[in-house]
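Working notes, structure below.
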Amino acid sequence: MSRTPFHAASIELRRIETNGIRANVAVAGTGPAVVLLHGFPHTWRLWSEIIGPLSAHYRVIAPDLRGFGATSRAPDGYDAGTLAADISGILDALGEPTAAVVAIDAGTPVAVLLALRNPDRVRQLVVMEALLGTLPGAEDFLAAGPPWWFGFHAVPGLAETVLLGQEARYIEWFLTTGTRGRGVRADIHDAFVDAYTGHDALRCAFSYYRALPTSAHQINDAAAAGRFTTPTLAIGAHPVGDALERQLRLIAENLTGHVIPDCGHIIPLDRPPRTTQPHTALPRRRPPRLIAQAPSCGTPSSAARRSAPQSI
């Protein structure tokens with residue numbers, strides 16, 4: 001495990017061997033561990049705006065997922081189960097028996113499966129803007145079919161061939177759309193484009209989509225074993241809204257959901273102050289109390305108003 005200081009903040013970039021890959025992991029702060037899992041088309045720098053505030057109270061652990069960013073471009077293993085094992089190995093290497101886990105987009109099925117399979121390891125779960133396989137609850141969101149890029153990315157060898165040389169324009173579309181036209185900081189934009197440039201970088205990113213059927217089976221199998229009790233907050237924005245919360249309502253005992261108005265899909269970059277507010281309630285020496293904090297980050301969804309617990 002090698003360490004490289006990150007020049008822009010009190011962040012160390014570490015290279016950690018886990019589950020057959022070498023993961024690039026940003027680590028900052030001290031205290032209870034908080035793991036941050038990005039999605040597509042992101043790297044650990046998705047969390048640039050909130051690592052600082054969180055690291056004042058927690059040990060923040062933000063990896064590049066398998067095949068993404070500076071982590072090994074593995075030939076396979078892009079299903080949620082393998083990715084969850086990658087994260088568990090990172091925690092082992094850092095000497096962290098438990099962690100709160102915060103995830104968005106492609107990171108969310110990984111975080112949920114980690115909590116389902118290892119409930120004693122995940123103290124708390126905060127998940128955003130994603131769907132969980134074929135679990136019921138997302139029917140309204142999927143009424144017109146899944147987003148167009150799911151099918152495009154799922155065809156082996158197609159997208160990485162068609163997009164070669166056009167990576168910057170393609171990634172910029174997701175960053176612009178995902179912030180409702182507001183865009184992201186230039187340095188983060190450039191870091192994301194660089195991370196997804198080249199045939200192999202694209203292949204790894206799209207392999208996540210090609211593994212979605214396997215991930216869905218894994219989540220269904222784990223959920224069939226019983227509901228999990230990890231305190232969980234589901235945060236929605238545009239376009240997913242409360243679909244993720246509705247799916248989780250079937251399998252999570254201790255759940256609340258909130259939807260942030262006028263916020264794009266890439267919540268940590270589009271509305272970073274609203275991202276940190278619920279996370280500041282993460283536990284230190286006592287159980288979390290998210291219900292009191294989370295309304296400031298958005299509007300409780302209708303399902304949350306009906307059945308959210310008073311405190312967790």
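The values are calculated or read from the model by the stated rules, or taken from the named source; none is laboratory data. Predicted, not measured: the structure shown is a model, and the values here were computed from it. Quick reminder, even Gly has a Cβ in these numbers, built from the backbone with ideal geometry, and neighbours come from all protein chains shown. Side chains included, ligands, DNA and RNA excluded: accessible areas come from the protein's heavy atoms. Shrake-Rupley method; radii C 1.70, N 1.55, O 1.52, S 1.80 Å.
Assess whether GLY226 counts as being open to solvent by 20 Å² or more (accessible area, probe 1.4 Å) and at pLDDT below 95. The answer is yes for GLY226.
Take the residues of the range 109-140 that are outside any loop (DSSP other than H, G, I, E, B) and of a type in the set (D, E, K, R): which is farthest from PHE68 (Cα to Cα)? The qualifying residue farthest from PHE68 (Cα to Cα) is ARG123.
Each row is one residue, and each column tells you yes or no for (1) open to solvent by 60 Å² or more (accessible area, probe 1.4 Å); (2) within 19 Å of ALA243 (Cβ to Cβ).
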| position | (1), (2) |
| --- | --- |
| ARG123 | yes, no |
| ALA138 | no, yes |
| ALA159 | no, no |
| GLY178 | no, yes |
| ASP187 | yes, no |
| VAL193 | no, no |
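If you go through the range 206-241 and keep only what is of a type outside the set (A, V, I, L, M, F, W, C) and assigned to a strand (DSSP E or B), you end up with THR232, GLY236.
When you go through ALA85, ALA111, ALA93, ALA74 one by one, which is the residue that is in contact (Cβ under 8 Å) with a residue 60 or more places away in the chain, aliphatic (A, V, I, L, M) and either touching a His at 6+ places or on another chain (Cβ under 6 Å) or under 18 Å from GLU245 (Cα atoms) (or both)? Checking each option against the conditions leaves just ALA111. Scanning the range 238-257 for residues that are open to solvent by 10 Å² or more (accessible area, probe 1.4 Å) and either under 30 Å from GLY183 (Cα atoms) or in contact with a Gly (Cβ under 6 Å, 6 or more places away or on another chain) (or both) returns HIS238, PRO239, VAL240, GLY241, ASP242, ARG246.
Taken over the range 196-223, residues that are among the small types (Gly, Ala, Ser), within 17 Å of the chain's Cα centre (by Cα) and either more than 14 Å from LEU135 (Cβ to Cβ) or crowded, with 20+ Cβ neighbours inside 10 Å (or both) amount to 4. Would you check if there is a residue in the range 162-174 being assigned to a helix (DSSP H, G or I), within 20 Å of TRP44 (Cα to Cα) and open to solvent by 50 Å² or more (accessible area, probe 1.4 Å)? The answer is yes; a qualifying residue exists.
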